[in-house]
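The structure appears right after this line, and notes come after that.
The values are calculated or read from the model by the stated rules, or taken from the named source; none is laboratory data. Only a predicted model underlies this, so the values are computations on that prediction, with no experimental measurement involved. As a convention, Cβ positions derive from the backbone with ideal geometry for all residues, glycine included, and neighbour counts pool all protein chains shown. Just so you know, the surface numbers come from the protein's heavy atoms only, side chains and all, with ligands and any DNA or RNA stripped out. Shrake-Rupley method; radii C 1.70, N 1.55, O 1.52, S 1.80 Å.
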Protein chains: 2
Amino acid sequence: MNEQQRARRPGGRSARVGAQVHQAVTDLISERGYGRFTVGDVADRAGVADSSIYRRWGSLETLLTDVALTRLNARSPMPDTGSLAGDLRTYAAQVAREITGPDGPAVLHLAVALSSSGLQGRRAGTDLRAERTRQLQSMLDHARDRGEPVPDALDVLDHVLAPMYIRVLFGLVPLTPDYIDGLVDRLLGDTEA
Amino acid sequence: MNEQQRARRPGGRSARVGAQVHQAVTDLISERGYGRFTVGDVADRAGVADSSIYRRWGSLETLLTDVALTRLNARSPMPDTGSLAGDLRTYAAQVAREITGPDGPAVLHLAVALSSSGLQGRRAGTDLRAERTRQLQSMLDHARDRGEPVPDALDVLDHVLAPMYIRVLFGLVPLTPDYIDGLVDRLLGDTEA
């Protein structure tokens, strides 16, 4: 078995090391800020050798990209409540829970940093946003099929997701249920008008 | 003359070094991404000794905070066109020009990173946002004095600034004049309703 196969085997030592290293990265981002630590710091925190990290991820950039994608892809499935207002409220509340959770701000900083990092990070960021847009679009398409008026996916980004992201990035929390529902209602009010 | 006095003297060698070091930081953020360079890299790029940077700023964190605040405070004065729609359109276009300019994304990443960095950075970020909110509030107060319906300053953040910030951070550019005016008109339409 080569290193690559070992890294992919579910469960076992390799999966444990992977989880420890990922957690070390999110802890270090929370404590010190993005970009303020080295592979050596991650290794110390995770209790593994530097060489294990370099062998598996190759560089700090690849590791940071892997953590961002794993965390961001781990999101819950898109809701299907029978109405667009219900779907969007549930979806927005889900996103709010994720970005205000213990590792949320760290993961959000990581996602934002992807687009200012090297080519690999930018491509990963673009792929991730394409996948998110696809999911959101399918929710909007279902609503259109039911005959509801629907906003563009980019309007949802601009008026529901962007305000929540910026408030968390700027530390303007908590995001209350009233605030989140208000963002959705305002968007849908504009869509009907 | 001690180091501090020299650093503050306008013009002359110290000002030139300061400008070179600041430019080196924004260049490195644009090319490598935030947090992917050291004081040594900045010194090489600016053509100064590492010791000059440590003497003047003390640490990379202090330097990054100084660059972010200098760039963000250098913004143009708030517009006064006689109507809130005119003021907000002018203001939003100004912000869009700044964040999509050559160093704009780098400065925006720096501003976002402030809030995930150490206490000094967080305090600087909070002070900066308080000053921005004060400026914006004074624009809104003038409109209210003229008898116009006005949104909250936080609504301007949520529905005009946040969408532009997130689009630039995610690389969804350009921000067209129609798009920017549309954000303002939508906000004011919601405010009147």
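Are any residues in segment A:180-193 open to solvent by 40 Å² or more (accessible area, probe 1.4 Å) and within 11 Å of chain B (Cβ to nearest Cβ), and if so, which ones?
A:D185, A:R186, A:D190, A:A193, listed by residue number.
Take B:L175 and decide whether it is open to solvent by less than 50 Å² (accessible area, probe 1.4 Å) and part of a loop (DSSP other than H, G, I, E, B). Quick ask: steps written out before the conclusion?
Values: open to solvent by less than 50 Å² (accessible area, probe 1.4 Å): yes; part of a loop (DSSP other than H, G, I, E, B): yes.
When the stated conditions are applied, B:L175 passes them.
If you scan segment B:8-59, which residues turn out to be within 13 Å of another protein chain (Cβ to nearest Cβ), among the aliphatic types (A, V, I, L, M) and closer than 24 Å to B:G101 by Cα?
Correct list: B:V25, B:L28, B:I29.
For A:P163, all conditions in the list (1) touching an Asp or Glu at 6+ places or on another chain (Cβ under 8 Å); (2) modelled with pLDDT of 90 or more; (3) more than 8 Å from every other protein chain (Cβ to nearest Cβ) hold save one; what is the number of the exception?
Here A:P163 clears every test but (3).
A:N73 passes all but one of (1) modelled with pLDDT of 90 or more; (2) more than 14 Å from chain B (Cβ to nearest Cβ); (3) surrounded by fewer than 20 Cβ atoms within 10 Å (Cβ to Cβ); which number fails?
That leaves (1) as the condition not met.
Would a scan of segment B:42-61 turn up a residue that is within 30 Å of B:L175 (Cα to Cα), assigned to a helix (DSSP H, G or I) and at pLDDT 95 or above?
Residues of segment B:42-61 within 30 Å of B:L175 (Cα to Cα): none.
No, segment B:42-61 contains no residue that is within 30 Å of B:L175 (Cα to Cα), assigned to a helix (DSSP H, G or I) and at pLDDT 95 or above.
Only residues that are open to solvent by 30 Å² or more (accessible area, probe 1.4 Å) and assigned to a helix (DSSP H, G or I): list them for segment A:151-166, please.
Taking segment A:151-166 first, the residues open to solvent by 30 Å² or more (accessible area, probe 1.4 Å) are A:152, A:154-155.
Of everything in segment A:151-166, those that are open to solvent by 30 Å² or more (accessible area, probe 1.4 Å) and assigned to a helix (DSSP H, G or I) turn out to be A:L154, A:D155.
Only one of these conditions is not met by B:Q137: (1) open to solvent by less than 30 Å² (accessible area, probe 1.4 Å); (2) without any contact (Cβ under 8 Å) to a residue 40 or more places away in the chain. Which number is it?
In the conditions (1) open to solvent by less than 30 Å² (accessible area, probe 1.4 Å); (2) without any contact (Cβ under 8 Å) to a residue 40 or more places away in the chain, B:Q137 misses (1) alone.
Of all residues in segment A:51-70, how many are loosely packed, with under 15 Cβ neighbours inside 10 Å and more than 13 Å from the chain's Cα centre (by Cα)?
Keep residues of segment A:51-70 that are loosely packed, with under 15 Cβ neighbours inside 10 Å, which gives A:51, A:55, A:58-59, A:70.
Next, from what is left, pick out any that are more than 13 Å from the chain's Cα centre (by Cα): A:51, A:55, A:58-59.
Going through segment A:51-70 one residue at a time, the tally reaches 4.
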